[in-house]
Structure formats: C-alpha cells, structure tokens
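Chemist: Below is one structure. I have some questions about it.
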Amino acid sequence: MTATPRPIAAILDSRVLGVLARILLTFPYWGSGLAKLIDFSGAQAEMGMFGLHPTAPFAVAVIITQLVGSGLVIHGRHAWIGAGALAVFTALTIPIVHHFWSLEGVRGLVAFHTATEHVGMIGGLILGAIQAHWASRRA
C-alpha cells in the first residue's frame with residue numbers, strides 16, 4: 001500500500017496530466033522560442049546583447065533548441081533527448097548570460113537568483129524525462 005490516496009494516485013497516473021505537466025514545464029522554452037520566431041530581429045538583438053556573434057545563426061540555433069527540445073519533451077517518446085538538449089542549453093546560459101560572480105550589487109544578486117532557478121529547471125527537465133519514460137512503460 002502506498003501513502004498516496006487512491007484518487008490522487010489515479011490523477012497522478014493520468015496520461016493527460018503527464019502531458020499537461022510537460023507542457024507547463026517547457027513553457028519558458030517554447031514560449032521564448034515562439035517569441036523569437038515571431039520577432040526574429042528582436043532575437044538577433046538579444047543574441048548581440050549577450051555577445052553572441054554572428055547573431056542570426058545563434059538566434060536560429062536557440063529557436064530550434066527551444067522549440068524542438070520542448071516538442072520532444074511534450075510528446076514524450078524521445079523526451080530524454082529534448083530534456084537533455086534543454087538542460088545543456090539552460091546550463092550554458094549561466095556562464096554566458098547570468099554570470100553572477102562577475103557582477104556587482106543588485107545585478108549580481110538578480111543573476112544569482114536566476115542562475116539558481118535555472119538549476120531547478122534542469123532538475124525539472126530530468127523529472128519530466130523520467131515521467132515520460134515511466135508513462136511509456138505503463139502504456
């Protein structure tokens with residue numbers, strides 16, 4: 001017997017809840033990817049702001065990573081690939097964008113908090129891949 005009440009266990013075992021959870025988990029990525037796709041010049045400006053040149057290829061790579069990685073996680077079949085790509089992408093943003101150790105004052109504090117949130121997102125992506133794997137084994 002588990003400590004989880006049966007009605008809650010039934011909800012947690014729901015395929016629909018698993019897909020919904022993976023959609024919500026990846027929202028920061030697919031939302032950002034769609035925004036960059038809609039405003040490509042803004043995406044290029046963002047790449048330039050972080051010193052990534054030439055800006056167009058970096059913007060394209062980020063958009064592809066965010067949208068394809070999210071799609072793989074949401075679909076579930078190859079969630080581990082999508083989660084891995086998004087986790088590496090997220091980890092790379094820490095030294096490139098959120099380098100709190102080189103910033104002072106409020107900027108450094110904000111970058112530190114953002115970096116620690118990114119570490120939490122990486123953990124969430126791992127859990128999303130685990131959930132998709134378990135769901136595929138139950139199917």
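The values are calculated or read from the model by the stated rules, or taken from the named source; none is laboratory data. As the structure is a prediction and not an experimental result, all values here were calculated from the model. Note that we place each Cβ from the backbone using ideal geometry, even for glycine, and neighbour counts take in every protein chain shown. Ligands, DNA and RNA are excluded from the accessible area calculation, which covers all protein heavy atoms including side chains. Shrake-Rupley method; radii C 1.70, N 1.55, O 1.52, S 1.80 Å.
Chemist: Assigning unit charges at the beta carbon (Lys, Arg +1; Asp, Glu -1) and nothing else, what dipole magnitude in debye, to the nearest 20, does the chain show about its Cα centre?
Modeler: That gives a dipole near 600 debye.
Chemist: Tell me, what ³J(HN,Hα) does each residue in the range 115-129 have, in order and in whole Hz, if you take phi through Karplus 6.51 cos²θ - 1.76 cosθ + 1.60 with θ = phi - 60° and put x for Gly and Pro?
Modeler: 4, 5, 5, 5, 4, x, 5, 4, x, x, 5, 4, 4, x, 5
Chemist: Using only Cα atoms, tell me the angle between helix 15-38 and the longest principal axis of the chain; keep it within 0 to 90° and round to the nearest 10.
Modeler: The helix 15-38 is inclined about 20 degrees to the chain.
Chemist: From the phi angles alone, apply the Karplus equation (6.51, -1.76, 1.60; θ = phi - 60°) to the range 87-95 and give each ³J(HN,Hα) in whole Hz, x where the residue is Gly or Pro.
Modeler: So the J values, rounded to whole Hz, are 5, 5, 4, 5, 4, 5, 5, 5, x.
Chemist: Roll a 1.4 Å probe over the protein chains and send me the accessible area per residue for the range 20-111 in Å².
Modeler: Dividing the accessible area of the range 20-111 by its residue count gives 56 Å².
Chemist: Shifting gears a bit: If I model the range 1-133 as equal point scatterers sitting on the Cα atoms and use the Debye formula, what is log10 I(q)/I(0) at q = 0.12 Å⁻¹?
Modeler: -0.54
Chemist: In the range 54-139, what percent of the accessible surface is made up of carbon and sulfur (1.4 Å probe, ligands and nucleic acids excluded)?
Modeler: 74 percent
Chemist: Shifting gears a bit: State, as an integer percentage, the relative contact order of the chain based on alpha-carbon contacts under 8 Å between residues 6 or more apart.
Modeler: The value is 24 percent.
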